[in-house]
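Right, one structure below, let's go through it.
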């Protein structure tokens, strides 16, 4: 249960809906996944401030997709850290 008020992808409109759409495109491209599957809780925390969400997503995208280390290696590190910290995500 979230202690921070968030706006889901289904409830979003205007600027927030556009940012959620950008996130979806960045995460899965043209694959037919619902936008709810690509707007993770960590991103929904910023839903009351769409511009901050956009900036967070740009930073996340830069860290995960750019650089010398490949995405699969970055994902493996993330899974390992989450497992070590007993994170349910």
Seminar exercise, completed: With the first residue restricted to segment 22-39 and required to be under 17 Å from residue 56 (Cβ atoms), and the second required to be part of a loop (DSSP other than H, G, I, E, B), Cβ contacts under 7 Å at 6 or more apart or on different chains are 23/38; 23/39; 24/38; 27/38; 35/9; 39/9
Problem set entry | Filtered residue count, segment 71-89, keeping only those that are exposed (fewer than 10 other Cβ atoms within 10 Å of the Cβ) and either in a helix (DSSP H, G or I) or in contact (Cβ under 8 Å) with a residue 40 or more places away in the chain (or both) | 4
Problem set entry | Test result for residue 6, in a helix (DSSP H, G or I), in contact (Cβ under 8 Å) with a residue 12 or more places away in the chain and surrounded by 14 or more Cβ atoms within 10 Å (Cβ to Cβ) | no
Exercise. What do you reckon, is residue 35 at pLDDT below 90, within 13 Å of the chain's Cα centre (by Cα) and within 24 Å of residue 4 (Cα to Cα)?
Worked result: yes
Exercise. What number of residues within segment 7-25 satisfy the criterion of being under 24 Å from residue 88 (Cβ atoms) and under 14 Å from the mean Cα position of the chain (by Cα)?
Worked result: 6
Problem set entry | residue 64 vs. criteria on the phi < 0 side of the Ramachandran plot, outside any loop (DSSP other than H, G, I, E, B), touching a helix residue (DSSP H, G or I) at 6+ places or on another chain (Cβ under 7 Å) and modelled with pLDDT under 80 | yes
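The values are calculated or read from the model by the stated rules, or taken from the named source; none is laboratory data. What you see is a predicted model, and the numbers here were worked out from it, not measured in a lab. When we count neighbours, we look across all protein chains shown, and the Cβ atoms used for this are built from the backbone with ideal geometry, even at glycine.
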